[in-house]
Amino acid sequence: MSQPIHLFTIGFTKKSAAEFFGKLQAAGVKRVVDTRLNNVSQLAGFAKKDDLRYFLSLVHIDYIHRSELAPTQEMLDAFKKEKGAWSDYEKKFSGLIAERQIEKQIAPESLHQACLLCSEDTPEHCHRRLVAEYLQRHWGNLRITHLI
């Protein structure tokens, strides 16, 4: 792909459905790539897998779930439940996606105008940012925009 790949990221917590879907539409997102390990969460009513797929279809946005872009349950528990350090989580997760070779699992053009989704409201302490930055380092021709 000669033109830069434009990849977005978004979290659904602390957003109303109107804000969430409005941000995706305004940005011109064509596909939401769900990077959550557990995509049937009750954290937001509109973000459960089947409901999200339906609501996105109403605004002509595709939905896919890519579990290889998610952390393990053990990593999530160590960071969230056990209040682990972000630096430890970041190191472990970065190692995991390198081991999984996610840059070879996904066609770069499939992420053009796509948006990585998880629950965190901002990207600072979120694995979606780590995925995007990892792909940027490996593919080079990738521009990241965080929708917050």
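The values are calculated or read from the model by the stated rules, or taken from the named source; none is laboratory data. Source: prediction; values computed, not measured. As a convention, Cβ positions derive from the backbone with ideal geometry for all residues, glycine included, and neighbour counts pool all protein chains shown.
Observations
- Selected residue (only one of Phe93, Phe8 is touching a His at 6+ places or on another chain (Cβ under 9 Å) and in contact (Cβ under 8 Å) with a residue 40 or more places away in the chain): Phe8
- So Lys23, is it assigned to a helix (DSSP H, G or I), out of contact with any Phe, Trp or Tyr (no Cβ under 8 Å at 6 or more places or on another chain) and touching a residue at least 60 places away in the same chain (Cβ under 8 Å): yes
- Residue pairs whose Cβ atoms lie under 6 Å apart, separated by 6 or more positions or on different chains, with the first residue in the range 59-76 and under 13 Å from Leu111 (Cβ atoms) and the second aromatic (Phe, Trp, Tyr), do not occur.
- Filtering Leu24, Leu56 for residues that are under 14 Å from the mean Cα position of the chain (by Cα), of a type outside the set (Lys, Arg), surrounded by 18 or more Cβ atoms within 10 Å (Cβ to Cβ) and modelled with pLDDT of 95 or more leaves a single hit, Leu24.
- Extreme residue, farthest from Lys23 (Cα to Cα), among residues of the range 106-129 that are in contact with a helix residue (DSSP H, G or I) (Cβ under 6 Å, 6 or more places away or on another chain) and surrounded by fewer than 21 Cβ atoms within 10 Å (Cβ to Cβ): Pro108
- Against the test of being closer than 24 Å to Gln136 by Cβ, part of a helix (DSSP H, G or I) and not small (Gly, Ala, Ser), the options Asp50, Asp88 yield a single qualifying residue, Asp88.
- The one condition in (1) more than 16 Å from the chain's Cα centre (by Cα); (2) under 26 Å from Val29 (Cβ atoms); (3) outside any helix (DSSP H, G or I); (4) not polar (S, T, N, Q) that Lys83 fails to fulfil: (2)
- Within the range 94-129, the residues that satisfy the criterion of being in a helix (DSSP H, G or I), of a type outside the set (Asp, Glu) and more than 13 Å from Ile10 (Cα to Cα) are Ser94, Gly95, Leu96, Ile97, Ala98, Arg100, Ile102, Lys104, Gln105, Pro108, Ser110, Leu111.
- Scanning the range 20-68 for residues that are out of contact with any strand residue (DSSP E or B) (no Cβ under 9 Å at 6 or more places or on another chain), under 12 Å from Ser119 (Cα atoms) and among the β-branched types (Val, Ile, Thr) yields a single hit, Val40.
- Hits in the range 66-103 (condition: surrounded by 12 or more Cβ atoms within 10 Å (Cβ to Cβ) and over 22 Å from Glu124 (Cα atoms)): Arg100
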